[in-house]
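The values are calculated or read from the model by the stated rules, or taken from the named source; none is laboratory data. None of these values were measured; they are calculated from a predicted model. Here the Cβ positions follow ideal geometry from the backbone for every residue, glycine too, while neighbour counts run over all protein chains shown.
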Amino acid sequence: MPARPADIPSVDRVLRLPGLQPLLDRYGRVPATSALRRLLDMLRAQAVTGQLTRQAIGDDALCAALATQLARDAQPRLRAVFNLTGTVLHTNLGRALLPDSAVQAVMRAMTTPANLEFDLGTGGRGDRDDLVDDLLCELTGAQAATVVNNNAAAVLLMLNTLAQRREVVVSRGELVEIGGAFRIPDVMQRAGVKLVEIGTTNRTHPHDYANAVGARTALLMKVHCSNYEITGFTRSVEVAEVARIAQPLGLPVVVDLGSGTLSDLTQWGLPRETTVRDTIAAGADLVTFSGDKLLGGPQAGLIVGRADLIAKIKKNPLKRALRVGKLTLAALEPVLRLYRDPDTLAQSLPTLRLLTRPASEMASMADRLLPWLQAPLGDGWQVAAVAMVSQIGSGAMPGGQLASFGLVIGPRDAGKRSGRRLQQLEAALRALPRPVIGRVSENALWLDLRCLEAADEAAFTAQWPLLAEALRL
Ligand SMILES: *Cc1c(COP(=O)(O)O)cnc(C)c1O
């Protein structure tokens, strides 16, 4: 016999159940009561359609259901996950991880007053950019610097300040779209700038720049091809060459460098990527780049270059709308300081530490973890430790790849339902208290161990009994 709507107990009656008292104490009377109302409403709706069993409205069942709901509600929305995607700077998983010195500085800034815009020397008003601009100049060779919310904001602000109602020349091969709706032509439009496209998708020549310049030209712009490569019959014009064309005409050359690294990555055996310093030295008047990509800091957009142009940018009212908060500056300063000592950077900066982790370390970890994982998965699944390739991510070196190692889980019999079972496994890993995010490819789930550091290994394996439980259901 299914339960009828009239059988559903009242809120007051359930609230008096002895089994409910611990939940009231733990979560508070008001949140627990409102969760109970929602639960009883839902059960009533089920009863109306004749789909509610009598057991579901027993005292113990109600307490258990409420406990589950309250626990779910109390879970933070922003949660720690294991990034086993193989992409180190994963935009959807929050990009760069911060070093401890930055974490401490952010905590201090959150809990104590600080001289954010207060000049301790004179007692007068200060400028928040002063906290980091000399460090940025030291590390890039630029004359001046300013900081905004992210690189998209940096590009918008730069274009709006220096080229509103005028023309900006960009090669067709560099009209980039970054994931998450950042497109150079659209940003230009919103900045109030007219885009003048030159060259073709695969080839742009120096004379294309020279021919495009007219009375309304404000800037020549170059954009880093962050997430794609044009190969084959190609030609692009280096920053130095564009600068040679622009200089006699009195036009600034600006570069959106995207990821923008501050040090030569080849010293750690990583693929070569143009540094901000190289770009300034080649003659760029302004360079913009992200704080949370290869730099390894907090989300921010950095603009460095000629002092007169930076001064103009800082006077734009949009700067006030796009500025960074104190937590960002608190995190950025210690990260930049780490760059002063390149000898220790590969250990002190988490992003670089992950990028330079030797494959042998991930290989021995894979061997260690394999039996831990095979046991809860059971006979239906085959786990193998295999070599794989990680990506830097966030548009750094789309072609550059890093030798890594990890675990591949595939259904033992590749039957009709194996695709569905794989989806279930992937979902079960995502549903763990600390979700495990891998990558499904070639009818298997790939877990790249590059971003699982030794300190997190125990937390990782501790979840396997829960996985076994989830898969048995
Ligand atoms: C990533 C990127 C951006 C956007 O930077 P955010 O910091 O994510 O706003 C802009 N331009 C290029 C070339 C990029 O690679």
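The conditions are (1) surrounded by fewer than 15 Cβ atoms within 10 Å (Cβ to Cβ); (2) among the acidic types (Asp, Glu); (3) touching a residue at least 12 places away in the same chain (Cβ under 8 Å), and residue 333 fails exactly one of them. Which is it?
(1)
Pairs please, first residue from the range 408-423 and farther than 21 Å from residue 85 by Cβ, second anywhere and modelled with pLDDT of 90 or more and not acidic (Asp, Glu), Cβ atoms under 7 Å, 6+ apart in sequence or on different chains.
Close Cβ pairs (under 7 Å, with a partner that is modelled with pLDDT of 90 or more and not acidic (Asp, Glu)) amount to 412/381; 412/382; 414/443; 418/411; 418/443.
Each row is one residue, and each column tells you yes or no for (1) touching a His at 6+ places or on another chain (Cβ under 9 Å); (2) not assigned by the TED database to the domain that holds residue 330; (3) not small (Gly, Ala, Ser).
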position	(1), (2), (3)
105	no, no, no
114	no, no, no
133	no, no, yes
140	no, no, yes
149	no, no, yes
161	no, no, yes
171	no, no, no
174	yes, no, yes
187	no, no, yes
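Working carefully through the options 4, 79, 54, find the one that is surrounded by fewer than 16 Cβ atoms within 10 Å (Cβ to Cβ) and either touching a Gly at 6+ places or on another chain (Cβ under 6 Å) or within 30 Å of residue 355 (Cα to Cα) (or both).
79
Can you work out which of the residues in the range 146-189 that are part of a loop (DSSP other than H, G, I, E, B) and basic (Lys, Arg) is nearest to residue 237 (Cα to Cα)?
166
Limited to the range 146-155, what total is found for residues that are crowded, with 24+ Cβ neighbours inside 10 Å and in contact with a helix residue (DSSP H, G or I) (Cβ under 9 Å, 6 or more places away or on another chain)?
Of the residues in the range 146-155, 5 are crowded, with 24+ Cβ neighbours inside 10 Å and in contact with a helix residue (DSSP H, G or I) (Cβ under 9 Å, 6 or more places away or on another chain).
I'd like to check something: does the range 133-153 contain any residue that is out of contact with any Pro (no Cβ under 8 Å at 6 or more places or on another chain), touching a residue at least 60 places away in the same chain (Cβ under 8 Å), at positive phi and within 16 Å of the ligand (Cβ to nearest atom)?
No: the range 133-153 contains no residue that is out of contact with any Pro (no Cβ under 8 Å at 6 or more places or on another chain), touching a residue at least 60 places away in the same chain (Cβ under 8 Å), at positive phi and within 16 Å of the ligand (Cβ to nearest atom).
Scanning for something at pLDDT below 90 and among the polar types (S, T, N, Q), does the range 412-433 turn up at least one residue?
yes
Looking only at the range 32-83, count every residue that is under 39 Å from the mean Cα position of the chain (by Cα), of a type in the set (S, T, N, Q) and part of a helix (DSSP H, G or I) and tell me the total.
Number satisfying all stated conditions: 4.
Condition (residue is more than 11 Å from residue 169 (Cα to Cα), surrounded by fewer than 17 Cβ atoms within 10 Å (Cβ to Cβ), away from the ligand (no atom under 16 Å from the Cβ) and without any contact (Cβ under 8 Å) to a residue 12 or more places away in the chain) applied to the range 185-200: is it met by at least one residue?
Among the residues of the range 185-200, not one is more than 11 Å from residue 169 (Cα to Cα), surrounded by fewer than 17 Cβ atoms within 10 Å (Cβ to Cβ), away from the ligand (no atom under 16 Å from the Cβ) and without any contact (Cβ under 8 Å) to a residue 12 or more places away in the chain, which makes the answer no.
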